[in-house]
Structure formats: C-alpha cells, structure tokens
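What follows is a set of notes on a single structure, which appears directly below.
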Amino acid sequence: MSPTTVMAKNTPVRVLLVEDSAVLAARIAELIRRLPAVILIDSVATETDAVQRITSMSPDVVILDLHLHTGSGFGVLRSLSGSGGPRPKVVVLTGFDLPEYRRQAEVFGVEAFLNKSRDYHRLPGLLSGFAAPVTAS
C-alpha cells in the first residue's frame with residue numbers, strides 16, 4: 001500500500017521565539033526567514049509575554065530559552081501543561097544544558113532540547129520537519 005497523506009499543511013508552520021538575547025533572536029529570525037513553509041510570528045523575551053502570545057496567537061512551535069529577562073522557560077512550560085488547550089510543539093534552545101534541566105524539560109514533553117552552541121545547527125531541520133506533511137502507510 002502506498003503512503004497517503006494524513007495531514008497536509010497548506011499554511012506555514014507558525015513559530016514563536018522566546019529568547020532574551022537580542023543578538024541570538026535576530027540570528028534565529030534570519031534562519032527562520034530562509035526556511036520554506038516556516039514563519040516567525042513574534043519574538044519575546046519574558047515569561048509573561050510568552051504565555052500571553054501563546055494564548056493569543058496559538059503558534060504551532062515555540063522555540064524556548066530557559067533563562068529569560070523576567071521569569072523562566074520552565075514557567076512557560078508549566079503554563080502550557082496546565083492550560084488544557086491545544087499545545088504547540090516546544091523546542092528548548094538553551095545555553096544551560098544541565099542534566100536536571102533536560103530531565104525537567106522531558107517531563108513537560110518538549111519535542112527537542114538543544115544546546116545553543118552545540119546543537120544550533122539542528123534547528124532548521126527540526127522546524128522543516130514540523131512543516132512537512134505527515135504520512136501513514
């Protein structure tokens with residue numbers, strides 16, 4: 001039997017970036033602009049702004065730093081787990097790749113946990129993968 005499309009995405013994957021470094025946020029925004037079928041809908045630097053944007057904009061994917069100007073990425077994850085509504089895919093992108101942080105993020109069900117300096121190159125593939133249609137055999 002040939003694969004059939006279960007879900008085709010005609011609209012781009014909508015990404016919310018939660019990052020407190022303006023330099024890195026600009027770099028990620030540029031990376032996203034180069035990806036077909038992926039758009040950056042907003043970039044914020046605080047937990048409060050992230051939770052508000054997730055609620056109001058319903059992104060498909062959240063790229064989430066753990067250490068923010070105000071609050072933390074874990075606060076955002078707690079908010080997502082308690083919302084009961086549709087949940088975006090979450091890619092943690094952090095400079096604090098500590099085993100306890102990774103375990104905690106896994107408990108919250110993140111799709112990926114990336115180290116900013118070591119794993120940054122994986123981000124385009126992950127985002128493009130989220131944009132690809134899902135097939136079943």
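If I ask for residues that are in a helix (DSSP H, G or I), of a type in the set (A, V, I, L, M, F, W, C) and either in contact (Cβ under 8 Å) with a residue 40 or more places away in the chain or in contact with a strand residue (DSSP E or B) (Cβ under 8 Å, 6 or more places away or on another chain) (or both), which ones from the range 24-39 would you list?
Passing the criteria: LEU24, ALA25, ILE28, ALA29, LEU31, ILE32.
Would you kindly identify the helices (runs of 4 or more DSSP H) lying entirely within the range 67-137 that contain at least 1 residues that are among the hydroxyl-bearing types (Ser, Thr, Tyr) and free of Cβ contacts under 8 Å to residues at least 40 places away in the same chain? Spell out how you get there, then give the answer.
On the way: elements: 73-83, 99-107, 116-119, 123-131.
Counting at least 1 such residues, we get 73-83, 99-107, 116-119.
Can you go through ASP49, ASP42 and tell me which one is assigned to a strand (DSSP E or B) and free of Cβ contacts under 8 Å to residues at least 40 places away in the same chain?
Numbers: ASP49 fails: assigned to a strand (DSSP E or B).
Testing whether each residue is assigned to a strand (DSSP E or B) and free of Cβ contacts under 8 Å to residues at least 40 places away in the same chain leaves just ASP42.
Say whether the condition of being crowded, with 17+ Cβ neighbours inside 10 Å, under 20 Å from LEU126 (Cβ atoms) and at pLDDT below 95 is met by at least one residue in the range 66-81.
yes
Among the residues of the range 82-93, count how many are modelled with pLDDT under 95 and on the phi < 0 side of the Ramachandran plot. First the steps, then the outcome.
Pass one, the range 82-93, residues modelled with pLDDT under 95: 82-87.
Checking the rest, the ones that are also on the phi < 0 side of the Ramachandran plot come to 82-83, 85-87.
Number of matching residues: 5.
Can you tell me which residue in the range 33-56 is surrounded by the fewest Cβ atoms within 10 Å (Cβ to Cβ), limited to those that are farther than 18 Å from ALA131 by Cβ, β-branched (Val, Ile, Thr) and out of contact with any Lys or Arg (no Cβ under 8 Å at 6 or more places or on another chain)?
THR55
Step by step: first the residues of the range 8-23, then only those that are more than 13 Å from PHE130 (Cβ to Cβ) and not in a strand (DSSP E or B), then the one that is modelled with the lowest pLDDT. Which residue is that?
ALA8
Being more than 15 Å from the chain's Cα centre (by Cα), surrounded by fewer than 19 Cβ atoms within 10 Å (Cβ to Cβ), small (Gly, Ala, Ser) and farther than 14 Å from LEU17 by Cβ: is that true of SER117 here?
Working: more than 15 Å from the chain's Cα centre (by Cα): yes; surrounded by fewer than 19 Cβ atoms within 10 Å (Cβ to Cβ): yes; small (Gly, Ala, Ser): yes; farther than 14 Å from LEU17 by Cβ: yes.
Considered against the rule, which asks whether it is more than 15 Å from the chain's Cα centre (by Cα), surrounded by fewer than 19 Cβ atoms within 10 Å (Cβ to Cβ), small (Gly, Ala, Ser) and farther than 14 Å from LEU17 by Cβ, SER117 comes out as yes.
So VAL92 clears everything in (1) touching a helix residue (DSSP H, G or I) at 6+ places or on another chain (Cβ under 7 Å); (2) surrounded by fewer than 16 Cβ atoms within 10 Å (Cβ to Cβ) except one condition, right? Which one?
(2)
The values are calculated or read from the model by the stated rules, or taken from the named source; none is laboratory data. These numbers were taken from a predicted model, which means no experiment stands behind them. Positions of Cβ are backbone-derived with ideal geometry, glycine not excepted, and every protein chain shown enters the neighbour counts.
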